[in-house]
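Presented below is the structure to which this report refers.
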Amino acid sequence: LATVLAALHSFDSAGVDALTRRLEPLTGDDNPYRYSARELLALVAFKGGDIDRAKIDLQALADDAEAPAGIHQRATEFLRALGGGK
């Protein structure tokens, strides 16, 4: 949780690479914070200008039936705003 909160807190000031390095270890299927980390990584991709990566990450969250409702909803809405989605 501390890593997710630190990434959120430093989102505007930290670089894309630093945020990615911080969050990627949390994305494993057995990590309880995987959905939050995956959502933030989509935002990091967007921040870095990698819209295609952001769309892929957001679509994965939107398609994941086990994703928490709030994350699923935000991913779906952001994906739609980016002109993506099924």
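The values are calculated or read from the model by the stated rules, or taken from the named source; none is laboratory data. Note that the structure is predicted; figures quoted are calculated from it, not measured. Reconstructed Cβ throughout: ideal geometry from the backbone, glycine too, with neighbour counts over all protein chains shown. Please note that ligands, DNA and RNA were not included when accessible areas were found on the heavy atoms of the full protein model with its side chains. Shrake-Rupley method; radii C 1.70, N 1.55, O 1.52, S 1.80 Å.
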- prompt: Only one of (1) touching a Gly at 6+ places or on another chain (Cβ under 8 Å); (2) open to solvent by 80 Å² or more (accessible area, probe 1.4 Å); (3) polar (S, T, N, Q) is not met by Gln59, so which one is it?
  reply: (2)
message: What's the number of the only condition in (1) part of a loop (DSSP other than H, G, I, E, B); (2) free of Cβ contacts under 8 Å to residues at least 24 places away in the same chain that Phe11 fails to meet?
response: (2)
Near pairs, Cβ below 9 angstrom, 6+ apart or cross-chain, from the range 32-55 (over 18 Å from Ala69 (Cα atoms) and assigned to a loop (DSSP other than H, G, I, E, B)) to any residue that is at pLDDT 95 or above and open to solvent by 60 Å² or more (accessible area, probe 1.4 Å): Gly48/Asp17
- request: Return yes or no: is Ala37 modelled with pLDDT of 95 or more and either touching a strand residue (DSSP E or B) at 6+ places or on another chain (Cβ under 8 Å) or open to solvent by 40 Å² or more (accessible area, probe 1.4 Å) (or both)?
  value: no
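Return the residues of the range 14-29 that are of a type outside the set (Asp, Glu) and assigned to a helix (DSSP H, G or I); say none if nothing qualifies. So that I can check it myself, show each step before the final result.
Pass one, the range 14-29, residues of a type outside the set (Asp, Glu): 14-16, 18-23, 25-28.
Those that are of a type outside the set (Asp, Glu) and assigned to a helix (DSSP H, G or I): Val16, Ala18, Leu19, Thr20, Arg21, Arg22, Leu23, Pro25, Leu26.
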task: For the range 40-50, indicate whether the set of residues that are loosely packed, with under 15 Cβ neighbours inside 10 Å and among the acidic types (Asp, Glu) is non-empty.
output: no
- prompt: Identify, please: which residue in the range 1-38 is more than 11 Å from the chain's Cα centre (by Cα) and among the acidic types (Asp, Glu) and is, among those, nearest to Asp50 (Cα to Cα)?
  reply: Asp17
- prompt: Which condition number does Ala65 fail, the rest of (1) outside any helix (DSSP H, G or I); (2) among the hydrophobic types (A, V, I, L, M, F, W, C); (3) crowded, with 19+ Cβ neighbours inside 10 Å being met?
  reply: (3)
